[in-house]
Amino acid sequence: MKTNSLKFKVQSSKLRVLHLRHYFQTALSCFLFLVSCFCLSSCGGSEDETIAPKPRAYFRLNFPEKKYIVYDSVCPFTFERPTYSQMDRDRNVDAEPCWLNVNFPSFNGTLHLSYKVVNNNIQQYLEDTYTLASKHQIKASGIEEKLIRRDSSHVYGLIYEIEGNAASAMQFYLTDSTKHFIRGALYFNEVPNIDSIAPVLAFIKKDIFHMINTFEWKDDNVSRKK
């Protein structure tokens, strides 16, 4: 009898130990669950709050006041350029005498101007200009064409506004259809990113439109004065 009683006591003690261990494990699990819920609710905020990455920010630019001066040289044309631009001749080996660069140092951009004399070959110049503008369609999201027609100055042409991350954002040509032809192409000296250059592009486009609107052929001015 004593042996059976002793075995019963030992078994009862083991059961109490198991119950206590189970109790503490359950309590610890509940405690950890409550702590995790509290942490999640504190970090998550309200149910309507959405966590999203912040958009990439760009430096704010201070644009200069728009003022223009007349560009006049030995070339057979004149136009008004912005005072914050710089003029120089194209240094390329294949450059011709009246190939010019309108540089915008503050904006790291350049408007390249290429002048050609028309000698019954204007159709070839028009096709070349279209081909050069079309090459940017691979990266462009679209190309908008704007017609130029100033009968009083015999200035006719077309503007190509190239949208998207193309290397050249704007190109154009001007001609009198009989003697003169000039092509313009705007490039920025950096990796194309329309999001970063959009404000600068909008600013310089106004300058290019002003240059086109004030563009004159010299020989046409002489003939009209006579």
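The values are calculated or read from the model by the stated rules, or taken from the named source; none is laboratory data. What you are looking at is a predicted structure, and each value in this text was computed from that prediction instead of being measured. We place every Cβ from the backbone using ideal geometry, glycine too, and count neighbours over all the protein chains shown.
Observations on the model:
- Residue check, F172 in contact (Cβ under 8 Å) with a residue 40 or more places away in the chain, more than 15 Å from I208 (Cβ to Cβ) and not in a helix (DSSP H, G or I): no
- Residue check for E96: in the same structural domain as H180 (by TED's automatic domain parsing), among the charged types (D, E, K, R) and within 27 Å of E163 (Cα to Cα): no
- Residues being within 19 Å of the chain's Cα centre (by Cα) and within 19 Å of L132 (Cα to Cα) - total across segment 173-190: 5
- Every residue from segment 178-199 that is of a type in the set (G, A, S) and in contact with a strand residue (DSSP E or B) (Cβ under 6 Å, 6 or more places away or on another chain): G184, A185
- Condition check for L132: at pLDDT 95 or above, assigned by TED's automatic domain parsing to the domain that holds A202 and surrounded by fewer than 17 Cβ atoms within 10 Å (Cβ to Cβ): no
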